[in-house]
Each structure stands twice: as structure tokens, then as C-alpha cells.
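The values are calculated or read from the model by the stated rules, or taken from the named source; none is laboratory data. Given the structure is predicted, the values throughout are model-derived calculations rather than measurements. Every residue, glycine as well, gets a Cβ built from its backbone with ideal geometry; the counts of neighbours run over all protein chains shown.
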Amino acid sequence: MALNLLFISMGLVFSLNICAQNTDLPTGKYTGVESPDFIVRIYKAQDGRYYGRDSLGNLVLDGLQFDAGDKAFKGTMTPSGKNVTLSAALSVEGADRLKMVVTKFLMSHTQYLTRIK
């Protein structure tokens, strides 16, 4: 009986860890896997949202917040030197890798970012 209770308790603890979602975006400098000239520094502001600036200091990622339904950080992206605002969704793919999907109307583009160490 005690052994069954131990296994049930252990199963509950493991299931809670698996179901828990990380609602923090890893901050730091990232570069595009396919576009190595794209470098962005992601940081968390006092308002609790995440922002990203390019190497020139331009704001390129704006107001990223965690969306539990999509399990991604959603906000907007404005590419440097462009007069267009795109919807952006970033998801954590690993400790040093992010998946960024930008969309405008029905078109989308996926880019993977790796942390610069």
C-alpha cells in the first residue's frame, strides 16, 4: 500500500513538471540561422513585455507577451528600414534556440534564431 502511494505521488510530481509552461522568453543576443546579418538583442522591460533591438539600436520586436493558447510570445515586428509592421510569434525551441514566425495577411515566414554567446 505504501509503495503504491509512493508511485502515485511521484507520478503526480512528474506530471506537474511536464504540464508547467515556461512563460519567460530567454533574453540575450540572437542571430538568424539562415540570415546571419540579422542580429537582435531581446530584453524584458519593466512593463513585463519583451522587446528586441537590432545592432543599430532600432526597435524591431515590440510588445511580446506569452499566449498560453499558442504557447508562443506574440507581438509585432518592424524590420529595420522598412515601413511595414508584421505580426510576430516567438517560441522557445531549446536553451539557445528560438523559432520566429512573422505573418502579414495570409503570408508567413519562419526563421530560427540562435543565441550568440
Strands (runs of 3 or more DSSP E) fully within the range 37-116 counting 3 or more residues that are more than 14 Å from the chain's Cα centre (by Cα), free of Cβ contacts under 8 Å to residues at least 12 places away in the same chain and surrounded by fewer than 17 Cβ atoms within 10 Å (Cβ to Cβ): 107-115
Residues within the range 57-92 that are out of contact with any strand residue (DSSP E or B) (no Cβ under 9 Å at 6 or more places or on another chain) and within 16 Å of THR103 (Cα to Cα), tallied: 2
Complete set of residues in the range 27-36 that are part of a loop (DSSP other than H, G, I, E, B) and not β-branched (Val, Ile, Thr): GLU34, SER35, PRO36
Condition check for ASP47: within 28 Å of PHE73 (Cα to Cα), among the acidic types (Asp, Glu) and at pLDDT below 90: no
Those residues of the range 93-114 which are touching a strand residue (DSSP E or B) at 6+ places or on another chain (Cβ under 6 Å), of a type outside the set (D, E, K, R) and more than 16 Å from GLY32 (Cβ to Cβ), in sequence order: THR103
